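This report concerns only the one structure given below.
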Amino acid sequence: KALLVAHGLATYKTPISQCREIAVQHGIKGPGDLFRHWLAHGVLLINVALTFSSFKDKKRHFEFWRPFHRALILALNHRRPSPFYILWGKKAQQWQALIKENIDDTTKILTYGHPTFIHQFLKPDQPEYSPFKEIEQKTGFSWL
């Protein structure tokens, strides 16, 4: 939905069922094809916990993956130019301090609410707003 809003094809108030129809009408790829498109252009999607067993154990999973995320961030930031980091949600944004330590340009760190929570990601009081507008402008990458 946020991608459709960013491209002027929907607004915050557009129902998801209508968003699906709009996507089909405009030849927009389904999730599997979108993920392959992103991967082909160097997009790496990663979650703060790459495993999950139950809500009572989720902190254990976050802690388990911390060394991996730290090593990944340090390795990515040794590349020049450094990649863009799009940190969705508070858990991902906790990595911002480490990223800033050795990134070549701190404007490559973009932070937004988590997309699972539409009220944090899109803005009901600004129905045409989508974080993907800014993301596409700053990264030069079309997510569609």
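Here is how the numbers come out for the structure above:
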{"quantity": "Filter result for the condition that a residue is modelled with pLDDT of 90 or more and surrounded by 11 or more Cβ atoms within 10 Å (Cβ to Cβ), over GLN94, GLN120", "calculated": "GLN94"}
{"quantity": "Given (1) charged (D, E, K, R); (2) surrounded by 13 or more Cβ atoms within 10 Å (Cβ to Cβ); (3) in contact with a helix residue (DSSP H, G or I) (Cβ under 7 Å, 6 or more places away or on another chain); (4) without any contact (Cβ under 8 Å) to a residue 60 or more places away in the chain, number of the condition ARG70 does not satisfy", "calculated": "(2)"}
{"quantity": "Residue identified as at pLDDT 90 or above, over 14 Å from the mean Cα position of the chain (by Cα) and either in a helix (DSSP H, G or I) or farther than 23 Å from LYS13 by Cα (or both) among GLU101, GLU136", "calculated": "GLU101"}
{"quantity": "Any pair with Cβ under 8 angstrom, 6 or more apart, that starts in the stretch 52-65 at a residue that is modelled with pLDDT under 75 and ends at one that is part of a helix (DSSP H, G or I)", "calculated": "PHE52/LYS58; PHE52/HIS61; SER53/HIS61"}
{"quantity": "Residue match in the stretch 11-32 (condition: in contact with a Ser or Thr (Cβ under 8 Å, 6 or more places away or on another chain) and farther than 18 Å from PRO124 by Cβ)", "calculated": "yes"}
{"quantity": "When residues of the stretch 1-20 are limited to those that are within 16 Å of LEU34 (Cβ to Cβ) and basic (Lys, Arg), the one modelled with the lowest pLDDT", "calculated": "LYS1"}
{"quantity": "Matching option when the condition is farther than 18 Å from LEU76 by Cα and more than 19 Å from the chain's Cα centre (by Cα), among ARG20, ARG36", "calculated": "ARG20"}
{"quantity": "Qualifying residues in the stretch 44-74 (those that are within 29 Å of PHE141 (Cβ to Cβ) and of a type in the set (Gly, Ala, Ser)) - the one nearest to the chain's Cα centre (by Cα)", "calculated": "ALA49"}
{"quantity": "Residue in the stretch 50-63 that is assigned to a helix (DSSP H, G or I) and closer than 20 Å to PHE35 by Cβ present", "calculated": "no"}
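The values are calculated or read from the model by the stated rules, or taken from the named source; none is laboratory data. Since this is a predicted model, take the numbers as computed values, not measurements. Because the Cβ atoms are built from the backbone with ideal geometry, glycine has one as well, and the counts that use them run over all protein chains shown.
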